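The values are calculated or read from the model by the stated rules, or taken from the named source; none is laboratory data. Model, not experiment: these values are computed from the prediction. Quick reminder, even Gly has a Cβ in these numbers, built from the backbone with ideal geometry, and neighbours come from all protein chains shown. Note: accessible area is taken over every heavy atom of the protein model, side chains too, but ligands, DNA and RNA are not part of it. Shrake-Rupley method; radii C 1.70, N 1.55, O 1.52, S 1.80 Å.
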Amino acid sequence: MAKNVNLKMKAAAPTAPVQTKPSTFGKHLPLVLVAILFLALSLLYFPVAYQKMEPQASDITQWQGASTAISVYNANHKDTALWTPYMFSGMPSYMISFPNKYPFLESITKLTEKLISWRIFLLFIGGLGIFLLIRHLKLSPWIAFFAAVAFVFSCHWVGLLEIGHNTKFRAIMYIPWVLWALFRAKDKPNLLNLGLMATFLITQLRENHPQISYYMYLFIGMYWVYSLIESFRNKEMKRFSAWTLLLILAFSLTVLAVMNPYLSTMEYSHHTMRGGAAGLEKSYAQAWSFPPKEIISLIIPDFFGGINQTYWGYMPFTQIYNYFGIIVLMLGVMALFGKHRRMAIFLWISSFLFTLMSFGSFTPALSDFFLKILPYFNKFRVPSMILTMVQINAVILAALGIDGLLEKQGNVKWQKLLFRTFWICGGIFLLYVIAAKGIFKGLPFTTPAEIQNYSSNNALSQLEGAKAMRLDLLVKSGIISLLFLTVGSGLCYLFSTKKLKTPVFVMLLTLLCFADLWIYTGKHLKEVQPVSNRVARFDMTDYDQFLLQDKDDYRIYPFNMNRIRPAGEWAFYHHSVDGYSAAKLKRYDDVLKLIQGGSGQDGEMIRYLKGLYQDQDNMRENPLPVLDMLSTKYIVMPDSLPYAEMFSNIRPVYNSGDGVYIYRNLKALPRAWFVDSLSVIPEADKRLDAMRNVYFNPRRVAIVESPVANTAKPDSSYARLVDSGMQTMKYEVFTNKDAYLVLSEVYYPAGWMALIDGKETAIYPTNHTLRGVVIPAGKHSLELVLAPKSYALSLKLSLAGLLITILAVIGGYLLHRRKKEALA
């Protein structure tokens, strides 16, 4: 009997371990670490965060110049400005300043801006998103803190802020939150996670940087394929199917909610340089491709000189590092050998594919393949931008790598491997210190374009100094990276031998990672200025005052004025022929090239100046027909033109004394005029050739694309602009015969209507980029109104999508809470 009792006691021995409550510190550790992250960002970027300082970025000032009139209109009118006449002779405001009608999560920065700059706040938000993502993967708070530090101090993000790529930065900072929601939804495909997934997809997309969003969706697609394979392998297809359905619903809600602004943007894209099946012109689209050779700069950041003036690599220039840290890279490699191996393999494969896509023009066959198989891939330029996804992947990989190391602590085999790794890294470091200068001194350290520039300025001796400096940069950068790599591998070895406790080990890695990144990230946001300086930049000058004294409706053309005032900034006060945008209307861009030149051909202004000054014995004053038809009444130049008082086309009218010379274009046409005849040219290239011809006379002849019936040369006519607004124009017109009226307004069929005495009439594309209307004989009122039906529809759809998403989050949370209370 006793024996039986003893057996029962033995059988009952392996009881469940006693559950211990976490300590108060352990319970609040995640909050403490998040607070430390916020404090670190606040202190390191204190002037920007709290003292109303900002980087001196030309992109910001050019955007402000282009957007100010739109913002002022929106602040004083119930409707939204959908058009701006201040830039490129008039264009939709969709890619300049197009606020979402209804506020959502991204609007939080409007509230926090009173306490902390949106730049630093969103940098923290991005780090917090990574922290939550890593915690969701069931990694420790210490590892999540490491990942957050590695993310927020990755060199690229603050570099974007410095050069003013604000929309891109904002869109990137929400990607971690999208991935967090994606992983949550996969683990638990329920109503709450549907709402969260849709919420962060909407928030990210509403930052209105479609290119960054496109790359994020590519990652989601890759992750879906990886999950399909894993689910099939683990026989979890039911859960995978539920997750897939949830994704479809989340994407559907997102599409609905972002109709404002994307329905208008999509409509606009068909008329831009990026529109059509062919997308962007290939050489333009692939500018700033990432050179394969420069992959080494992910290990030695300054191998090709780093950024700005010291850069001598294969891109035209670069202002931002793509470096994400040698410690991060080392740990990402280690992730391939830990318990998260399969996830790590996926992240490495996706990073490899993204890197291949970034090569662009440097791998033509590969680039053509991606352009062919990936829908909409040809709509975007700067292929190197896709490396943002590689940098986010790298942070996740590093976190997985640390977690794998924690599991292998005490593993003798792993200890030996790490010991060898440490000595190999140390040996490479010592060899590099001794031999790097001799090995790399044969590199060119310059480019053909730079050599030509120095040579033309008789400064080749200065170039030798620059080359020596770049060699020193390369050597120093390599020493730093290899030193960090050696120390990092040494820490991993010490941890594996149990000489370091987990929190100490991870915090030492975090400090090492921060030091590694800060050497380069810390170069940014050093030269900052008060926000008031940017405002003061737009204080009215004497030449602004001179131009604004003229109350006629006219345009200006700032020719070669970037040194004094970049093209986009002129739009702050003036209707300009030029401007600043990466998504110009295709028709207008074609015509702008006739003015500015391109494809080896001189533009109108260069042709004009060459005719005057290149051949003194055969001096001739060529006409400026394209500038004339754009109502370009004033041409602003940085230099005076000798003998200009004798010219018949232009005359000097103002000299500001600080390098701004204003010339009156005496042949500029008004904003509307009747022509004598029409010339039908259906083919775009032939139309442009006709307009390039020095004998093109837009005052007499209008080029149309298809026959227009019932028009004649009027004997008596006039057209007077009686009212002009951001998106309405009214004319008083008279003609004694049915005649063709050319309007010096940019042709945009997606919304503009012409009304003659209140009745709609057709608008014809004229001179490739202008509008034309047939006016019946007699006196009439002509009104042009921008009223795109797509915009009105987008507001209704967006409101529905946002409301459903909010209801999904609230309903899902209440269900989650009820279920939790039922289990308690």
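Of the residues that make up region 800-821, is at least one part of a loop (DSSP other than H, G, I, E, B) and either out of contact with any strand residue (DSSP E or B) (no Cβ under 8 Å at 6 or more places or on another chain) or farther than 27 Å from LYS686 by Cα (or both)? Talk me through it step by step, then tell me what you get.
The initial filter retains those residues of region 800-821 that are part of a loop (DSSP other than H, G, I, E, B), namely none.
No: region 800-821 contains no residue that is part of a loop (DSSP other than H, G, I, E, B) and either out of contact with any strand residue (DSSP E or B) (no Cβ under 8 Å at 6 or more places or on another chain) or farther than 27 Å from LYS686 by Cα (or both).
With respect to the conditions (1) at pLDDT below 90; (2) closer than 30 Å to PRO566 by Cβ; (3) not charged (D, E, K, R), PRO22 falls short on a single one, namely (2).
Residue count for region 284-304, restricted to those that are within 29 Å of SER581 (Cα to Cα) and open to solvent by less than 20 Å² (accessible area, probe 1.4 Å): 5. With the requirement that a residue be open to solvent by 80 Å² or more (accessible area, probe 1.4 Å) and over 37 Å from the mean Cα position of the chain (by Cα), what does region 778-823 give you? Result: LYS779, LEU814, LEU815, HIS816, ARG817, ARG818, LYS819, LYS820, GLU821, ALA822, LEU823.
Per the conditions (1) closer than 30 Å to ARG720 by Cα; (2) open to solvent by 10 Å² or more (accessible area, probe 1.4 Å); (3) of a type in the set (A, V, I, L, M); (4) not in a strand (DSSP E or B), the sole criterion not satisfied by LEU641 is (1). Taken together, the residues in region 677-702 that are surrounded by 15 or more Cβ atoms within 10 Å (Cβ to Cβ) and closer than 30 Å to ASP550 by Cα amount to 7.
Modelled with pLDDT under 90 and either open to solvent by 70 Å² or more (accessible area, probe 1.4 Å) or assigned to a loop (DSSP other than H, G, I, E, B) (or both): is that true of ALA75 in this structure?
On the way: modelled with pLDDT under 90: no; either open to solvent by 70 Å² or more (accessible area, probe 1.4 Å) or assigned to a loop (DSSP other than H, G, I, E, B) (or both): yes.
Spelling it out, it is not the case that ALA75 is modelled with pLDDT under 90 and either open to solvent by 70 Å² or more (accessible area, probe 1.4 Å) or assigned to a loop (DSSP other than H, G, I, E, B) (or both).
Within region 416-427, residues that are touching a residue at least 40 places away in the same chain (Cβ under 8 Å) and of a type outside the set (Asp, Glu) have Cβ atoms under 6 Å from residues that are surrounded by fewer than 16 Cβ atoms within 10 Å (Cβ to Cβ) and part of a helix (DSSP H, G or I) in no pair, counting only partners at least 6 apart in sequence or on another chain. Please list, ordered by first then second residue, the pairs with beta carbon atoms under 9 Å, 6 or more apart or interchain, first in region 281-292 and within 18 Å of ASN322 (Cα to Cα) and of a type in the set (Ser, Thr, Tyr), second open to solvent by 10 Å² or more (accessible area, probe 1.4 Å) and not in a helix (DSSP H, G or I). Correct list of pairs: SER289/TYR314; SER289/MET315; SER289/PHE359; SER289/THR363; SER289/VAL382. Scanning region 704-751 for residues that are of a type in the set (A, V, I, L, M, F, W, C), under 30 Å from ASP685 (Cβ atoms) and either open to solvent by 20 Å² or more (accessible area, probe 1.4 Å) or assigned to a loop (DSSP other than H, G, I, E, B) (or both) returns VAL708, ALA709, ALA712, ALA750.
Taking first residues from region 240-260 that are among the hydroxyl-bearing types (Ser, Thr, Tyr) and partners that are buried (at least 22 other Cβ atoms within 10 Å of the Cβ), the Cβ contacts under 6 Å between residues at least 6 apart in sequence or on separate chains come to THR254/ALA198; THR254/LEU201; THR254/ILE202.
Please specify each residue of region 200-258 satisfying the condition of being on the phi > 0 side of the Ramachandran plot and open to solvent by 50 Å² or more (accessible area, probe 1.4 Å). Even if it seems obvious, please write down each step before you answer.
Just the residues of region 200-258 that are on the phi > 0 side of the Ramachandran plot, to begin with: 208, 235.
Within region 200-258, LYS235 is the sole residue that qualifies.
Pairs linking a residue in region 745-765 that is farther than 25 Å from MET273 by Cβ to a residue that is assigned to a loop (DSSP other than H, G, I, E, B), with Cβ atoms under 6 Å and 6 or more positions apart or on different chains, are ALA754/ILE763. Applying the criterion of being open to solvent by less than 50 Å² (accessible area, probe 1.4 Å) and more than 31 Å from the chain's Cα centre (by Cα) to the residues of region 547-563, the residue that is nearest to VAL636 (Cα to Cα) is LEU547. Taking residues in region 213-236 that are under 28 Å from PRO383 (Cβ atoms), and partners anywhere that are open to solvent by 40 Å² or more (accessible area, probe 1.4 Å) and at pLDDT 95 or above, the pairs with Cβ atoms closer than 7 Å and at least 6 places apart or on different chains are SER227/LYS186.
Check whether at least one residue in region 88-98 is open to solvent by 30 Å² or more (accessible area, probe 1.4 Å) and either small (Gly, Ala, Ser) or within 28 Å of LEU799 (Cβ to Cβ) (or both), and report yes or no. Scanning region 88-98 turns up at least one residue that is open to solvent by 30 Å² or more (accessible area, probe 1.4 Å) and either small (Gly, Ala, Ser) or within 28 Å of LEU799 (Cβ to Cβ) (or both).
Pairing each residue of region 768-793 that is farther than 16 Å from VAL675 by Cβ and assigned to a strand (DSSP E or B) with any residue that is open to solvent by less than 20 Å² (accessible area, probe 1.4 Å) and basic (Lys, Arg), provided the two are 6+ apart or on different chains, yields C-beta distances under 8 Å for LEU784/ARG771. Taking region 402-457 as the search range and keeping residues that are over 38 Å from the mean Cα position of the chain (by Cα) and in a loop (DSSP other than H, G, I, E, B), which one is surrounded by the fewest Cβ atoms within 10 Å (Cβ to Cβ)? Across region 402-457, the extreme among qualifying residues is GLY410.
Matching residues to (1) open to solvent by less than 30 Å² (accessible area, probe 1.4 Å); (2) closer than 22 Å to LEU482 by Cα; (3) modelled with pLDDT of 95 or more; (4) under 20 Å from the mean Cα position of the chain (by Cα):
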| site | (1), (2), (3), (4) |
| --- | --- |
| GLY325 | yes, yes, yes, no |
| ALA344 | yes, no, yes, no |
| MET357 | yes, no, yes, yes |
| ALA365 | no, no, no, no |
| PHE369 | no, no, no, no |
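The residue list LEU111, LEU139, LEU132, LEU123 contains one member that is part of a helix (DSSP H, G or I) and in contact (Cβ under 8 Å) with a residue 60 or more places away in the chain, which is LEU123.
Inside region 153-193, residues that are without any contact (Cβ under 8 Å) to a residue 60 or more places away in the chain, open to solvent by 20 Å² or more (accessible area, probe 1.4 Å) and hydrophobic (A, V, I, L, M, F, W, C) make up a count of 2. Do we have ASP472 as over 32 Å from the mean Cα position of the chain (by Cα) and more than 30 Å from MET334 (Cβ to Cβ) here? Criteria met by ASP472.
Being exposed (fewer than 15 other Cβ atoms within 10 Å of the Cβ) and within 35 Å of the chain's Cα centre (by Cα), is that true of even one residue in region 488-495? Within region 488-495, none of the residues are exposed (fewer than 15 other Cβ atoms within 10 Å of the Cβ) and within 35 Å of the chain's Cα centre (by Cα).
Filtering region 496-523 to residues that are farther than 19 Å from LEU44 by Cβ, open to solvent by 10 Å² or more (accessible area, probe 1.4 Å), of a type outside the set (Val, Ile, Thr) and part of a helix (DSSP H, G or I) leaves PRO503, LEU508.
On the stretch given as region 595-638, residues that are open to solvent by less than 80 Å² (accessible area, probe 1.4 Å) and at positive phi total 3.
Among the residues of region 569-590, is any of a type outside the set (S, T, N, Q), closer than 16 Å to TYR634 by Cα, touching a His at 6+ places or on another chain (Cβ under 6 Å) and modelled with pLDDT of 90 or more? Scanning region 569-590 turns up no residue that is of a type outside the set (S, T, N, Q), closer than 16 Å to TYR634 by Cα, touching a His at 6+ places or on another chain (Cβ under 6 Å) and modelled with pLDDT of 90 or more.
In the set (1) farther than 30 Å from PHE572 by Cα; (2) surrounded by 14 or more Cβ atoms within 10 Å (Cβ to Cβ), the condition left unmet by ARG534 is number (1).
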